[in-house]
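Down below is the structure, laid out as structure tokens.
The values are calculated or read from the model by the stated rules, or taken from the named source; none is laboratory data. What you see is a predicted model, and the numbers here were worked out from it, not measured in a lab. Here the Cβ positions follow ideal geometry from the backbone for every residue, glycine too, while neighbour counts run over all protein chains shown. Quick note on the areas: whole protein, heavy atoms, side chains included, nothing else; ligands and nucleic acids left out. Shrake-Rupley method; radii C 1.70, N 1.55, O 1.52, S 1.80 Å.
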Amino acid sequence: MKKTTLFFALLLLHSMYSFSQDLGTKTLEEIRQKQIENIKNPELWDMERMKDLDIEPIKEREPIRFGAFPVPHYNSLFGFDYRGGGTVDNKMARSLPDYRITVEDKEIVFASFQIGNSELYKEEQRNTAFFTVLTVIDTVDTDNFALGASRFISRNHPDYTGQGSFITKDNKVEFVAFATPDKGNFAIVNMRLFHLEYGNIILITPQKDGSFRSLQIQGSVPPAEASFEYIKTNVLQREEVIKFFTAKGVI
């Protein structure tokens, strides 16, 4: 796993509508208002985190440049700290045979964004991916990595975002997704908007004519290494998925 981008940790918050007795009862609306207030308060900003972790060179493979904004200390939100989250992908492609995924003659890559065990979110959303994108590639770099990138971002706590891309010979699949405890989860893939409550797995096929096709399906993608097995033995075994990836016109 030396060359993999594989990060996962836990978020330990409290309940969706109420919190532990020492903090009293808070609603999601109160949490949202507190978050907005904290962002405007320089006394709560974690400047050390910004300077040490967030100021970085431009990464051309990400669709939106990651900006270094001062953000409040995570535990300033009624004492709730942030404990992780992450992205799981197989952009290593051919360099690690166990993580190479194919459907007939099509090579498939994916990226998943994981929230963790956050009790601010519904039970079915915890310890699973809130967004997974799968697409077809037709090229890799000299180290056999798929061309692209993916990153999970916690700086909007208690909202969580992720972004990334996969580059083909003649096109580019770019994606941004975000999860919120109160407003729902959404994704944008090449400017197509997806409401993720109707399906948290998005399949994209770049076409030979330069256009795209999309398919939105439901699935409970688990974290870490289990993601690969789930995608290979569940998602990619579905008849509609096989037909979608192998349709005439796909690169």
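Could you tell me whether any residue of the range 195-209 is of a type in the set (Gly, Ala, Ser) and closer than 21 Å to residue 61 by Cα? The answer is no; no qualifying residue exists. Residues that are farther than 17 Å from residue 101 by Cα, surrounded by 15 or more Cβ atoms within 10 Å (Cβ to Cβ) and modelled with pLDDT of 95 or more: does the range 225-246 have at least one? Checked the range 225-246: no residue is farther than 17 Å from residue 101 by Cα, surrounded by 15 or more Cβ atoms within 10 Å (Cβ to Cβ) and modelled with pLDDT of 95 or more. Scan the range 239-247 and give yes if some residue there is closer than 17 Å to residue 106 by Cβ and either hydroxyl-bearing (Ser, Thr, Tyr) or under 21 Å from the mean Cα position of the chain (by Cα) (or both), otherwise no. There is at least one residue in the range 239-247 that is closer than 17 Å to residue 106 by Cβ and either hydroxyl-bearing (Ser, Thr, Tyr) or under 21 Å from the mean Cα position of the chain (by Cα) (or both). Note on the range 160-169: residues that are free of Cβ contacts under 8 Å to residues at least 60 places away in the same chain and assigned to a loop (DSSP other than H, G, I, E, B) total 0. Any idea how many residues of the range 212-229 are without any contact (Cβ under 8 Å) to a residue 60 or more places away in the chain, of a type in the set (A, V, I, L, M, F, W, C) and under 18 Å from residue 135 (Cα atoms)? Within the range 212-229, residues that are without any contact (Cβ under 8 Å) to a residue 60 or more places away in the chain, of a type in the set (A, V, I, L, M, F, W, C) and under 18 Å from residue 135 (Cα atoms) number 3.
Against the numbered list (1) in a loop (DSSP other than H, G, I, E, B); (2) under 26 Å from residue 248 (Cα atoms); (3) in contact with a Phe, Trp or Tyr (Cβ under 6 Å, 6 or more places away or on another chain), residue 157 comes up short only at (2). If you go through the range 183-216 and pick out every residue that is more than 20 Å from residue 152 (Cβ to Cβ) and touching a Leu at 6+ places or on another chain (Cβ under 7 Å), you end up with 3. Could you list, in sequence order, the residues of the range 200-229 that are assigned to a loop (DSSP other than H, G, I, E, B) and either of a type in the set (S, T, N, Q) or more than 14 Å from the chain's Cα centre (by Cα) (or both)? Result: 200, 208, 209, 210, 211, 218, 219, 220, 225.
Looking at the range 31-47, is at least one residue modelled with pLDDT under 85, part of a loop (DSSP other than H, G, I, E, B) and either open to solvent by 100 Å² or more (accessible area, probe 1.4 Å) or out of contact with any strand residue (DSSP E or B) (no Cβ under 8 Å at 6 or more places or on another chain) (or both)? No, the range 31-47 contains no residue that is modelled with pLDDT under 85, part of a loop (DSSP other than H, G, I, E, B) and either open to solvent by 100 Å² or more (accessible area, probe 1.4 Å) or out of contact with any strand residue (DSSP E or B) (no Cβ under 8 Å at 6 or more places or on another chain) (or both).
Residues that are modelled with pLDDT of 75 or more and not polar (S, T, N, Q) do occur in the range 4-26. When restricted to residues that are within 21 Å of residue 238 (Cβ to Cβ) and part of a loop (DSSP other than H, G, I, E, B), the range 187-199 contains 1. Scanning the range 119-141 turns up one or more residues that are more than 22 Å from residue 67 (Cβ to Cβ), in contact (Cβ under 8 Å) with a residue 40 or more places away in the chain and among the basic types (Lys, Arg).
One line per residue, one yes/no per condition, for (1) open to solvent by less than 10 Å² (accessible area, probe 1.4 Å); (2) modelled with pLDDT of 95 or more:
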| position | (1), (2) |
| --- | --- |
| 186 | no, yes |
| 193 | no, yes |
| 198 | no, yes |
| 202 | yes, yes |
| 211 | no, yes |
| 215 | no, yes |
| 223 | no, no |
